[in-house]
Amino acid sequence: MTTDNTRQIDDCIQLWGEILEIVKYDLGKRVYNTWFKQMQFIGFEDKVITVTVPSNFLRDFVSAKYSDYLLSVFNSHGFAAQSIRILTLDNNTPETIANSDIKQDTIIKFEEVKTSKSDNEQQEENDVNRNFRFNLNTISSLDKKLTFENFVVGRPNEFAYAAARRVAESDTPPFNPLFLYGGVGLGKTHLMHSIAWHIKETQPQKKVIYISAEKFMYLFIRALRVKDAMSFKELFRNVDVLMVDDVQFIGGKDTTQEEFFHTFNDLVDNNRQIIISADKSPSELEGVEARLKSRLGWGLVADIHPTTYELRLGILQEKVKKFKMKIPRDVIDFLAVSITSNVRELEGALNRVVAHSTLVGREVSIEMVNEVLTDVLNANKKFITIDLIQRSVCEFYRVKLSDLNSSKRIKTLVTARQVAMYLSKELTTKSLPDIGRSFGGRDHTTVLYATKKVKDQMEVNQEFKSDVEILKKALEG
Ligand code: ADP
Ligand code: MG
């Protein structure tokens, strides 16, 4: 805590960036972008912090809703402020106001709203901040459901899964770091939690920390502010396994990167396991120092690919087991074909269907799913092309795209090819010769024959009909 009521403006401006980071972390990016992004720090004098926002509307809203919160963040950063003054900026104000030393009176309209705290409240808050300490429980919260047992393995994630298991089962780091990367909702966090659970179970003496990169950043910045950087460093330097999730978030945060780099090196030098996840490979991470990027790629880099129909089906089958309700196979197929974005969304869709059915007592059917999930299905809807049809059909019938367009005549392949041709005719505006060309240069009469064959089959074979309909509905979204 500062003893000086009037902090140097330069000092404050430096802290300002960190305070904004904390706000972003606490309240989320959306709230931050709406209410705080354009806020500027003006000064701190006579226990009053002054900030500006560009409009009266913003000023009123932030004053009413966030001034107490903002005051507490400032005070946790060593300000001993009693109130915060939110002013509206004059339109003529230079953008770099926070860095200029123009007198306040000349640049701001004094339409201020003031909020104060009593001395008692203030004292209490300062005490809380002073007592802020790190302990394992505050940062290492693991989700019981995220275990290896609940992780469904398929082609897109088998390598990452094998690597994760290897790390979890080894005494000493088999590769360091293990770097898991892949798109959102594909199971990175799930694998990290699984590793942690496995180690807790089989090697309980090991100290394991799982932390998001954002939280790492937040704790580090806070530690610096409450002058407790030592215990922060100690905590991370004494772990056996450190997992940092979503490391892309440290891009552009130089001091945190520096600290992370040192922590990282210390742990690796001491033969401790590090596991990192990110949405991109080490070399593609934006705003990350070159030496850190290179260090991150030293161990094993394992990527998780987008899901396939087969994996989605497997995941759904696994997830429906936990519901007492019976969900028809065609609905599961339909979900697996239609919701291709990621596992999180797939899971969410299934939960919604089940919740809806339980609440209104309606039987689960494709029709019902279409109604309940209109938004998700629309978002997953794609522009239908022959290529997309071919891929979907291949996924569905589990055949290779190259085989589909070859001259091979194995039974499943023939069926898949004919269905794909039929759907291309039904769902695109392409002509028969065009479609023929897209299927390995076949003649238009072959396409015509295929569409007729599929129609006939649908008349006599219910199962086949239902397969084709599922595919069609899924493609149409
Ligand atoms: P990420 O961290 O890559 O964004 P998550 O690990 O949070 O993704 O996964 C999102 C959701 O999907 C979680 O509920 C997770 O349990 C589930 N999930 C992802 N992949 C699988 C899988 N292979 N098997 C079972 N559930 C999975
Ligand atoms: Mg995650």
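When the trypsin sites (Lys or Arg not before Pro) in the range 390-457 are filtered for DSSP coil states and for at most 10 other beta-carbon atoms within 10 Å of their beta-carbon, the remaining sites are R409. Taking all protein chains into account, the per residue accessible area for the range 353-425 stands at 52 Å² (1.4 Å probe).
Sequence-distant contacts, meaning Cα pairs under 8 Å at least 6 residues apart, place the relative contact order of the range 148-304 at 36 percent. If R0 is taken as 35 Å, the Cβ-Cβ distance between S431 and R344 corresponds to a FRET efficiency of 0.30. The calculated 222 nm mean residue ellipticity attributable to helices in the chain amounts to -16500 deg cm²/dmol, summing -39500 (n - 2.57) over DSSP H runs of n ≥ 4 and dividing by all residues.
Relative to the longest principal axis of the Cα atoms of the chain, helix 343-360 runs at roughly 80 degrees. Here is the tail figure for the range 309-379: Cα pairs spaced more than 17 Å apart come to 32 percent of all pairs. For the chain, the relative contact order is 11 percent, taking Cα pairs closer than 8 Å that sit 6 or more residues apart in sequence and dividing their mean separation by the residue count. Restricting the range 394-460 to GluC sites (Glu not before Pro) that sit in a DSSP loop and have at most 12 other Cβ atoms within 10 Å of their own Cβ leaves nothing. Each part reduced to its alpha carbon centroid, the range 338-380 and the range 158-185 end up 32 Å apart.
What is the distance in Å between the Cα centroid of the range 266-304 and that of the range 440-466? Cα centres, the range 266-304 to the range 440-466: 51 Å. Length gained on full extension, D171 to R362, computed as 0.36 nm times the residue gap minus the Cα-Cα distance: 63.6 nm.
Against the chain, whose longest principal axis comes from its Cα atoms, helix 411-427 is set at around 70 degrees. Taking each residue as 0.36 nm, the span from D46 to K400 lengthens on full extension beyond its C-alpha to C-alpha distance by 120.1 nm. Treating r as the C-beta distance of L20 and T412 and R0 as 51 Å, the FRET efficiency rounds to 0.30. For the range 386-476, the dipole from Cβ point charges (+1 on Lys and Arg, -1 on Asp and Glu) about the Cα centre works out to 280 debye, to the nearest 20. Legend: distances between Cα atoms for K29/K188; K144/K322; K400/K425; K411/K453; pairs beyond 18 Å are K29/K188; K400/K425.
One decimal place: the segment N238-H262 gains 7.3 nm when fully extended, by the rule 0.36 nm per residue minus the C-alpha distance. For an R0 of 45 angstrom, estimate the FRET efficiency from the Cβ-Cβ distance between M325 and K206 and round to the nearest 0.05. Calculated transfer efficiency: 0.65. The charge dipole of the range 224-356, taken about its Cα centre with unit charges on the Cβ atoms of Lys, Arg (+1), Asp and Glu (-1) only, comes to about 600 debye.
The values are calculated or read from the model by the stated rules, or taken from the named source; none is laboratory data. Keep in mind the model is a prediction, meaning the values are calculated, not measured. Neighbour counts run over all protein chains shown; Cβ positions are idealised from the backbone, glycine included. SASA here: full protein model, heavy atoms, side chains in, ligands and nucleic acids out. Shrake-Rupley method; radii C 1.70, N 1.55, O 1.52, S 1.80 Å.
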